[in-house]
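Below is one structure; the comments refer to it alone.
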Amino acid sequence: MEHYYSQKPGSISKEQTFQFVLRGRTFTFVTDRGVFSKERIDFGSVLLIETMDIQDGMNVLDVGCGYGPIGLTAATLTPAGRVKMIDINERAVLLARKNLEMNHITNGEVVVSDLFSSVGEDERFDVIVTNPPIRAGKKIVHDIFVQAYQHLEKGGSLWVVIQKKQGAPSAMEKLEELFGRVEVPMKKKGYYILHAEKQ
């Protein structure tokens, strides 16, 4: 069975385009079959985008970027910084590159990466954002948290969106174990935004 976290989606490509307003800016997105939430940006990602705190000059990592809505928005919030976007899905990565170009965003890059495999061991970020692939299983999601902690600068922040019924309580437990303290700055329609800072 094919998932949006398959490396090479087998479904026949059929691109489509839509526009979406995020943080007051209108973006154009090309999407395709075989990627997550291809018809419109999913509620969880929108909630994360509207809640995440990214200041200009910060370096940001978007883990599991899909076709790029979170990473593209992050790049517009930190024009003097850089955004690296990673995803295992090769089709999603190609779409995210197209979307960067189409929206004239020059401070972002997208790479194919199995979890953090394409992130340098000593690469550090001020902010890491993720709408994790819940269906890939709890172990993968918790691995993302562990590796995010390792790749954050001191004082850096991790922002996560997760549905209560899809494991928010166990995600909070894991994050508390890693970071000490976790905040929930936003809850809506069963979605939790989790924010943890590396002390």
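Straight Cα distances below 22 angstrom link LYS154 to the lysines LYS84, LYS174, LYS198, with same-chain residues fewer than 8 positions distant left out. Bridgeable lysines around LYS188 (alpha carbons under 16 Å apart, same-chain partners fewer than 8 residues away excluded): LYS164, LYS165. Between ASN107 and LYS138, full extension at 0.36 nm per residue minus the direct alpha carbon distance yields a gain of 8.0 nm. Going by neighbour counts of Cβ atoms within 10 Å, the residues ARG25, ARG91, ARG124 line up, fewest first, as ARG25, ARG124, ARG91. The stretch between VAL146 and GLU197, if pulled fully straight at 0.36 nm per residue, gains 17.1 nm over its current Cα-Cα span. DSSP finds beta bridges in the stretch 34-197, and of those with both partners inside it, around 40 percent are antiparallel.
Taking one quarter of the surface of the C-alpha convex hull of the chain gives a mean projected area of 10.2 nm². The separation of the stretch 92-117 from the stretch 20-70, counted between C-alpha centres, amounts to 12 Å. Measuring nothing but how far apart in sequence close Cα pairs (under 8 Å, 6+ apart) lie, relative to its length, the stretch 34-197 scores a relative contact order of 21 percent.
Tell me, what is the Rg over Rh of the stretch 82-199, with Rh the Kirkwood radius over Cα pairs? On the Cα set of the stretch 82-199, Rg over Rh gives 0.97. Taking 17 Å as the straight-line reach from the Cα of LYS189, the aspartates and glutamates in range (excluding those fewer than 8 positions away in the same chain) are ASP42, GLU50. Site pair LYS164 and THR51 shows an inter-label distance of 1.2 nm when each label is modelled 7 Å from Cα along Cα→Cβ. Other residues within the sphere of radius under 13 Å centred on the Cβ of VAL60, judged by their own Cβ, net out at -4 (K and R +1, D and E -1).
Here the residues PHE116, PHE29, ranked from fewest to most Cβ neighbours within 10 Å of their Cβ, fall in the order PHE116, PHE29. Applying 1/(1 + (r/R0)^6) with R0 = 25 Å to the Cβ-Cβ distance of GLU90 and VAL184 gives a FRET efficiency near 0.15.
The numbers here are math on the coordinates, done by the rules we state, and not lab data. Since the structure is predicted, the reported quantities are computational estimates derived from the model, not experimental observations. Every residue, glycine as well, gets a Cβ built from its backbone with ideal geometry; the counts of neighbours run over all protein chains shown.
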